[in-house]
Every structure is written in C-alpha cells, then in structure tokens.
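Presented below is the structure to which this report refers.
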C-alpha cells in the first residue's frame, strides 16, 4: 500500500492524467478540426458584435478565442489565488474549476453545424476553467515534493498527462473510425468524444480530490485578511501580493531575465499546440484521420522526449539543452511553412512530440533551481501566472497575420520571432552549478 506521502504525490499525478483529456482532445485535436470542418461555414462567417461586422474564418476565430481565454485568466488569476491562500482552500478551488470546466466540456456535445457562438462560449468557459484549475494544481508542487525531487516529480506529472491524454484520445479515435459499425454518424462520434473528454476529466480527478491533502501556508494568509470576509479585501490583497511578488522577482536578475525569455518562447509553443490541427485542416486540407493520428503520436512521443531531455540536462546543463530544444522548435516552424503533404505533417508531429515534452520539463526544472528556497511556493505561483500570460499574444499574432494575409503559412512563420527573442534572452541567464539559488 502507498504511504500517505506516496498517495499525495500519486493523487497529484492523477489530475494531470485526468485533465490532459481536455488538453489533447478538446484544445489540440478534435474540437479545432470539428470547429473548422463542421461548426464554421467553409466559405466564411460574419462576426457580429454590437456595431462591428467582420468576415472571418475558423482559423482566425480559433486563434483569437484562445488568446482571449488566456488574457481573461491572466487578469483574474491573482485575485483568485489570493482568496485561495487566505482561506487555505486551494483544493476547493481546484475542484470547483475542474468540475466547472468538465461541465462546459460536456455541453460541447450539443454544438452542431452553424452553432458558432454557442461553441465559442462553451469552449471559452471550459478553457478558462481548465487554465485556472492548473494554477491551483501547480501550486501544490512545492508542497508535495522535496527540493531535491521537485524535478523528478514535475517530470513524472507531465508523463502521466501525456499517457492519460493519449489513451483517452485513442479511445476517441477508435470510436470515430468505427462509427458506422456502432450505428452512428461521424459527427455524432465526435460529439460523444467531446462529451467523453469532460467525463474523463471529472471522473479521474476524483482520485486527486480524495487523496490530495490541502497544504497549509499561514505566511501567505495574514490573520487580518482571514478574519475579514469582505470581497474587496480579498481583491486588495490579491493586487498587493502580485505587486510584492513582482518587486521580489526584480531583485533576482537571472530570475527576471528567465521569466521574460520564458514568456516569449512559451507563447510560441502554446500557439503551435493550439493551432496545429486547424493549420493542417485549413492550409493543407488534410483528412481528419491524418490530423488525429498525428496528434496521437505527439502524445506518446512526448513522454520519451520529456524523460530524455530531463536526463541529458544534468551532464550538459539545463540551459544549454533548453536552448538546443528551442533551436529545434525554429526548425519545426520553418518546416511547417514549406510542408505540403500528409507525410510532412506526420514528420512534423513526430518532431513536435519529441521537443514538446523536453521544453516543458526543462523550463520548469530550470526555474525551480533559480527561485529562493524559502519563497518557493510564492514564486511557483508567479511562474504559473507568467505561463498563462505567455499564452495570450501568440494566438493573437497568428490570427492577425492570418486575417491580413489570407494564409496560415505566414501566420505560422510569424511565431519564429517569439523563439528567437527567447533564445537571445536565455543566453544572458547564468546557471549556478553550485547552489540552488541565484541572486
């Protein structure tokens, strides 16, 4: 039987297993394809909001929708985090946003051809809950893992996520491919798969909520705030704590440079993940089976990539390996610009899976080695905010370039700048090989 500590860590892993169904099936795979091929008319769709009318397409809509969600969460995250800290209710907030996101995900089952606004609203709410829940999920990491094992626990969390999301997506692919044998239409199979994603997310997360223990952090919960239930007090505390964290980060030069670099290159990574399927559908006209199969490969190759790059970062240095991985990302973008066939997309998927896990795992471990030990929880919360902030601008840039130029090729190529800026800034980050603190 697992010890209490082992149960706690396993429970944390299982939430990544649970919510990766949404990340894989809804964000990266099925919904973008379904949105582009069924929900939004193939010729164009007129966006109407008040007196604004704009003829646009599925790719541009999806890009702006992803960026708007990340922006909304970035604005609200500090306040929600402060309330959770004051009331010591991270687990309750995680549960609330998990089940809320699961609910809105299941409601995507009712999205049919022409239901553009309804689909966008449900996805916006589900994605907002997904991102917000991850902030509270990440905040558990410094509490469940010792300083010496935080990289290992973090990496295994990603591995659980890739495996869980991959298995759930595999079940969905089997259902879609065998839709005629079970007596349903392909669109119905897709809708059932979206419903199944929400059920998977909520169902497996129950393991997390049963075993995961709520950390206590009295330092972040002053008595005068805990005794005051006024919502404006919570908001004031959230704003003041965010400002305090910003000032604290500025005292650590390497930390500040890394966070800015991370903000840029992670923005590029997030955009590639969110736009890959709809890029293949819109620009290359690939079959849905090709898109889904490639994204499934990405999931399972991502496990090996995360473990491999995490291992070689020790002898070669995390920063060097991370820069190398980002150069690989540049090559991937250039290849995406010139690719023309389904085989090219398969090759691209293998490459993305290989570098995706590595870039995510190394980024978190490198950051973990730079933050002050006594303030690890606060700085990991700040890392979560930066991570969500970095998901805003890439989709907006992609959508603007796609709308202006009429081609997704130039839009995907425009992301090169995010990686170049990130690489240049990382060159100024100094790795400390003797201690875990950089000042």
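Please treat every number below as a calculation from the coordinates, not as lab data. Just so you know, these numbers come straight off a predicted model, no measurement behind them. Here the Cβ is made from the backbone with ideal geometry for all residues, glycine too, and neighbour counts use every protein chain on show.
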Output the peptides 101-107, 328-334 sorted from most to least packed, where packing is the average of other Cβ atoms within 10 Å over each peptide's residues.
-> 101-107, 328-334
State the extension gain, in nm to one decimal, for the chain segment bounded by residue 115 and residue 185, taking 0.36 nm per residue of separation less the distance between their alpha-carbons.
-> 23.4 nm
Which ordering of 289, 283, 387, 53 is given by a fewest-first count of other beta-carbon atoms within 10 Å?
-> 53, 289, 283, 387
Taking the Cα-to-Cβ direction at residue 153 and at residue 177 and moving 7 Å from each Cα, how far apart do the two end points lie in nm?
-> 3.9 nm
Each label sits 7 Å from Cα toward the beta-carbon; between residue 46 and residue 316 the label points are separated, in nm, by 5.5 nm
Ordered by fewest other Cβ atoms within 10 Å, a rough proxy for footprinting exposure, 129, 427 read 427, 129
Could you list 416, 401 in order of exposure, starting from the residue whose Cβ has the fewest other Cβ atoms within 10 Å?
-> 416, 401
